[in-house]
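First the structure, in the form of structure tokens, and then the observations on it.
The values are calculated or read from the model by the stated rules, or taken from the named source; none is laboratory data. Everything numeric here is computed off the predicted structure, so don't read it as measured data. When we count neighbours, we look across all protein chains shown, and the Cβ atoms used for this are built from the backbone with ideal geometry, even at glycine.
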Amino acid sequence: MSPQQDATGWTTAQWHAMGTQVALTIHLPAQSAAEATKHVRAVFVNLEQRLSRFLDMSELSRLNRQCGQWVTVSRELAEVLHLSAEAFAQTAGVFDPRVLKSLDRLGYVGAQIKSDGVKDAVLSQVDRWLVFREYDTVQIIEPIDLGGIGKGYALDVCARYLRGVTDHFLLSAGGDIVYKGQGPEGAWRVGVEWPFATTELAAVWALPVSPQGAICTSADSKRFWMDASGTRRHHLIDPSTGLSGGCGLRSVTVLSADSAVQAEVWSKTLYLRGLRARTAACPIPTLAISEDGELLVTPEAQSSILWSLAPLVTWTEKEACR
């Protein structure tokens, strides 16, 4: 959709990229808003060609077909690989990009890769899976998926640019968000979907007025499918089993004052392991929705929830996994 500007100087635009719907709301003069939108769209187009596991000739797909070889990659792919290695270490292996073979085996198939000698299912946390010889010269031991962290990286790249041209914007990709300042009616308000019926909201979150921020959700309500046996599967893979994972939760939303990559990594980690997975590196404000329909919230997030479909329940480590 072409950018549309209202009488108060707010411009909105929507398009499809990286397998999801992208939307930008920005406060700038019309010409500047159009240029900013063009720049953001170009970033997503470039990074889809770099990071998609679904495109046969993406840079990631080519890397996945060269397991065990030294490969010099682009600056963008190198940055995401370094971020992935950091996330793997911070989460003690709960965030693990090596789940690509499990996704393919379960029916969420991407570009064709070689399977000879590639391990499947349970992944060892001690195996060396990514080696850097130089910052941009790497060797992967097993094929990897960079879907979630790649989308977070795209949002962060765009956010760094947008923060330099405007004081107020919100950029969303499939519900994951980066923002600055506030919206047309004050603090940005974000709806958290009810995972049992995604046309309904479970809660409305008022984002702190800030020079930067991100909010990301991991949920099993959109990217799911039925396998050949009729079993429901989803894309959030537990690396310890090689199967669709979870600990009694249907969605986890995390607010980060740092980056979308951080919010993405920890929303997935908390979905798979619950609050027990928290470390000092984990952003605290979190809203989770259990299989029983409870809205579990950390104390740091409670005051920011403007409305909720059900009463908020304080989420403790004891109650983290059902």
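Of the residues that sit in the stretch 220-238 and are outside any loop (DSSP other than H, G, I, E, B) and either in contact with a Cys (Cβ under 9 Å, 6 or more places away or on another chain) or not basic (Lys, Arg) (or both), which one is modelled with the lowest pLDDT? Ranking the candidates gives Trp225 first. Restricted to the stretch 22-76, and to residues that are assigned to a strand (DSSP E or B) and in contact with a helix residue (DSSP H, G or I) (Cβ under 7 Å, 6 or more places away or on another chain), which residue is surrounded by the most Cβ atoms within 10 Å (Cβ to Cβ)? Per the stated criteria, the residue is Ile26. Scanning the stretch 262-292 for residues that are within 22 Å of Val209 (Cβ to Cβ), touching a residue at least 40 places away in the same chain (Cβ under 8 Å) and either in contact with a Phe, Trp or Tyr (Cβ under 9 Å, 6 or more places away or on another chain) or basic (Lys, Arg) (or both) turns up just one, Leu287.
Applying the criterion of at least 2 residues that are buried (at least 20 other Cβ atoms within 10 Å of the Cβ) to the strands (runs of 3 or more DSSP E) found wholly in the stretch 239-322 leaves 249-256, 286-290, 295-297.
For Val157, indicate whether it is under 20 Å from the mean Cα position of the chain (by Cα), modelled with pLDDT of 95 or more, farther than 25 Å from Leu272 by Cβ and β-branched (Val, Ile, Thr). Full working, then the answer.
On the way: under 20 Å from the mean Cα position of the chain (by Cα): yes; modelled with pLDDT of 95 or more: yes; farther than 25 Å from Leu272 by Cβ: yes; β-branched (Val, Ile, Thr): yes.
For Val157, the condition - under 20 Å from the mean Cα position of the chain (by Cα), modelled with pLDDT of 95 or more, farther than 25 Å from Leu272 by Cβ and β-branched (Val, Ile, Thr) - is met.
The set of residues in the stretch 119-149 being part of a loop (DSSP other than H, G, I, E, B), buried (at least 17 other Cβ atoms within 10 Å of the Cβ) and either touching a Cys at 6+ places or on another chain (Cβ under 7 Å) or at pLDDT below 55 (or both) consists of Leu123, Glu142, Pro143.
Among the residues of the stretch 77-89, not a single one is surrounded by 14 or more Cβ atoms within 10 Å (Cβ to Cβ), without any contact (Cβ under 8 Å) to a residue 24 or more places away in the chain and either aliphatic (A, V, I, L, M) or more than 26 Å from Trp266 (Cα to Cα) (or both).
Residues in the stretch 282-289: is at least one over 19 Å from the mean Cα position of the chain (by Cα) and at pLDDT below 90? Step through it out loud before you land on a result.
Just the residues of the stretch 282-289 that are over 19 Å from the mean Cα position of the chain (by Cα), to begin with: none.
No - not one qualifying residue is present in the stretch 282-289.
Residues in the stretch 86-113 that are over 10 Å from Arg53 (Cβ atoms) and charged (D, E, K, R): Glu86, Asp96, Arg98, Lys101, Arg105.
Would you call Gly191 at pLDDT 95 or above, farther than 26 Å from Ser290 by Cβ and small (Gly, Ala, Ser)? No.
Only one of the numbered conditions (1) farther than 19 Å from Ile140 by Cα; (2) over 22 Å from the mean Cα position of the chain (by Cα); (3) assigned to a helix (DSSP H, G or I) is violated by Thr8, and that is (3).
Just checking, does the stretch 20-29 include any residue being of a type outside the set (Asp, Glu), without any contact (Cβ under 8 Å) to a residue 40 or more places away in the chain and either farther than 22 Å from Tyr179 by Cβ or in contact with a strand residue (DSSP E or B) (Cβ under 7 Å, 6 or more places away or on another chain) (or both)?
Applying the first criterion (of a type outside the set (Asp, Glu)) to the stretch 20-29 yields 20-29.
Okay, now just the ones that are also without any contact (Cβ under 8 Å) to a residue 40 or more places away in the chain, so 29.
Checking the rest, the ones that are also either farther than 22 Å from Tyr179 by Cβ or in contact with a strand residue (DSSP E or B) (Cβ under 7 Å, 6 or more places away or on another chain) (or both) come to none.
Looking for residues that are of a type outside the set (Asp, Glu), without any contact (Cβ under 8 Å) to a residue 40 or more places away in the chain and either farther than 22 Å from Tyr179 by Cβ or in contact with a strand residue (DSSP E or B) (Cβ under 7 Å, 6 or more places away or on another chain) (or both), one finds none in the stretch 20-29, hence no.
Looking at the stretch 169-206, which of its residues are of a type in the set (Gly, Ala, Ser) and on the phi < 0 side of the Ramachandran plot?
Ser172, Ala173, Gly183, Ala187, Gly191, Ala197, Ala202, Ala203, Ala206
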